[in-house]
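A short write-up of the structure that comes next.
Here, each number is a calculation from the coordinates, and none is a lab measurement. The shown structure was predicted, so the numbers you read here are calculated from the model rather than taken from an experiment. We place every Cβ from the backbone using ideal geometry, glycine too, and count neighbours over all the protein chains shown.
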Amino acid sequence: MKKEQGFTLLELVITIVILSVLLGLAIPGFSRWIPNYRLRSAARDIYSNLQYAKMTAVKDRAGCGLLFDVTGSRYRVVSSGPNRNFESTSSSISGDDVVLKTVNLSEYGSGVVYGPGSATGSIEAGGFDNNVTFAGDGIVFDSRGMVLSPTGSTSTGGYAYLQNNRNGAFGVGVLSGGVVVLRRWTGTAWQQ
């Protein structure tokens with residue numbers, strides 16, 4: 001006679017109980033981890049989109065940049081279009097400028113918004129005063145990868161600051177020479 005193989009009901013119940021206990025222990029850890037993961041993802045996306053705008057400007061030999069809409073909790077990647085003159089502002093797209101991409105911060109969830117998070121003070125002192133410090137709430141790269149304000153004047157760069165409901169904070173910025181940087185607030189200082 002062949003012996004049948006399989007699980008007994010008792011073994012199955014014990015396995016389910018053990019898995020339930022492990023899952024019950026893991027869920028609180030995930031709920032603390034997810035908001036910071038989403039914030040980091042939003043900051044990295046701004047960083048990537050700034051790099052994308054810079055590469056597009058150089059490749060197309062025309063202006064391309066990001067326009068931040070703080071009240072609408074979004075930003076847009078905008079190219080200057082066929083006439084190669086950047087005419088848009090953070091509040092409106094003008095002329096033949098083309099919106100390449102629109103990103104809503106609400107899509108990240110976990111309370112990701114523009115804001116100071118737990119950092120305070122001026123940029124020079126290691127904190128910040130504004131949600132977006134770019135002149136005209138935007139940054140435009142020219143055909144050489146240098147930075148301009150959306151109005152076309154020379155820019156010294158700036159930062160867009162993100163926070164979440166867990167007091168995490170990131171600053172994504174562009175320096176005057178066109179270098180894109182990503183900084184994280186550690187609770188006491190900015191870390192690159």
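Just a few scattered comments:
- Rg and Dmax over the alpha-carbon atoms of the chain stand at 23.1, 90 Å.
- Selected from SER48, SER88, THR154, residue furthest toward positive end of dipole (the chain; charges at beta carbon): SER48
- For VAL17 and THR102, the difference between the fully extended length at 0.36 nm per residue and the C-alpha to C-alpha distance is 26.0 nm.
- Chain lengthening between THR154 and SER91 when straightened (0.36 nm per residue, less Cα-Cα): 20.7 nm
- Rounded to 10°, Cα long-axis angle of helix 9-60 versus longest principal axis of the chain: 10 degrees
- Put in order of Cβ neighbour count within 10 Å, fewest first, the listed residues ILE139, ILE14 become ILE14, ILE139.
- Modelled FRET efficiency - R0 41 Å, VAL181 with ILE27, Cβ distances, 0.05 increments: 0.70
- Taking a ≥ b ≥ c as the square roots of the eigenvalues of the Cα gyration tensor, an a/c ratio of 1.5 or more together with a/b no larger than b/c marks the stretch 1-61 as oblate.
- Residue among LEU19, ALA189, VAL132 farthest towards the positive dipole end of the chain, charges placed on Cβ: LEU19
- Annotation: the residues ARG184, ARG84, ARG61, sorted from fewest to most other C-beta atoms within 10 Å of their own C-beta, follow the order ARG61, ARG84, ARG184.
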